[in-house]
Amino acid sequence: MRKLPPSHSIYGNIEEIRKAGVSAANLVRQLLAFSRRRPETPVTLDLNRVVLDLEMMFGRLIGEDVVLKKQLESTLKPIFIEAGQLEQVLLNLVINAREAMPAGGVITLETRNITLYPEGTEQRLGLPSGEYVALTVHDTGGGIPEDVKTRLFEPFFTTNPFGEGAGFGLATCYAIVRQNSGYIAVDSTVGAGSSFHVYLPVVQREIHPDGHAVSVEPLPAGNEHILLVEDDPGVRTLAVQTLLMQGYTVLEDPSAMEAILMLYQNRGKIDMLVTDIIMPQMSGKALADVLRADYPQLKVLFMTGYSPETVALHGVDSASMDILSKPFAPQTLLASVRRMLDGERPETRL
């Protein structure tokens, strides 16, 4: 994509492939987070970009009799939240709006920056004063009666017939938003539709490289020698090609034992080891210990898709060591490698 102009005939197709890859990676993260019974890592996100990346999925969910409109503020400020959680809130609110319009209608997604002042009318939300990003999902359905409105965010509460929904959608939205220091509210009049408002605090950080946006800045590059050890051929090929593209010299091996043998046979120069943690025969941590006997200044970046509890059994402390969590985007790998080679700790954590 970096070599093709946006006007190229296949650029749009490649962009859809990229979006599908990002969505798949986020789904994997959500499944891993659920199986670990622990939250995934929050990142700095552009809410507008997440809305646009989910637009195709929204179209499948709402059907042909519902029109989706967007009113997105062009200079929206960043928020800090788990990508999967933010997508879950958006999807649940859009599905809820669709269910409110069984005969079709219009769903409007609106984003805007908002500042809450101590004396402002919106302080009834109980949020601290400051800058927030507001998301509004409006439908043209029949509206919500007052007695139902007071129970909307209760778990198990639903107005759907038996067997059509468990009543967790809005309760999940409420829990996620409150967990991220935000607030969710509803305005509705019977016969005049409903508007769900989500407020999330603004953060002063750069958009994370996995935050759904393709970076327009030059990708980090270098000329160092990197040993990459990964038993999954797909992950290994992608990582090697990414590093080679940015000028690095890369030695690759599918196992720790082969990597040791190759280095001892060739006595090649190595500046950095990028290795999977859990591999057959020998772990990435054991490999790093062996290599550091001959290369005491060796920088080591671990990769894994497992939980901190699991990698701890292999001698890796995720709180004190540098770990790149799978699945990762190429720009995330490059940024982590460059920061470590420059003497900085990578931002990516389990």
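The values are calculated or read from the model by the stated rules, or taken from the named source; none is laboratory data. Computed from a predicted structure; not experimentally measured. Ideal geometry is used to build each Cβ from the backbone, glycine not excepted, and the neighbour counts take in all protein chains shown.
Could you tell me which residue of segment 87-104 is farthest from Thr136 (Cα to Cα), considering only residues that are in contact (Cβ under 8 Å) with a residue 60 or more places away in the chain and in contact with a strand residue (DSSP E or B) (Cβ under 7 Å, 6 or more places away or on another chain)? Among those residues, the one meeting the criterion is Ala100.
Which strands (runs of 3 or more DSSP E) does segment 47-154 wholly contain that include 2 or more residues that are closer than 14 Å to Leu200 by Cα and in the same structural domain as Leu170 (by TED's automatic domain parsing)? Before the answer, list the steps.
Details: elements: 66-72, 79-81, 105-116, 130-139.
By residue number, 79-81, 105-116, 130-139.
Each residue in segment 252-270 was checked for being touching a Gly at 6+ places or on another chain (Cβ under 9 Å) and at pLDDT 90 or above, and 1 pass. Does segment 213-235 contain at least one residue that is assigned to a helix (DSSP H, G or I) and at pLDDT 90 or above? No, the conditions are met nowhere in segment 213-235.
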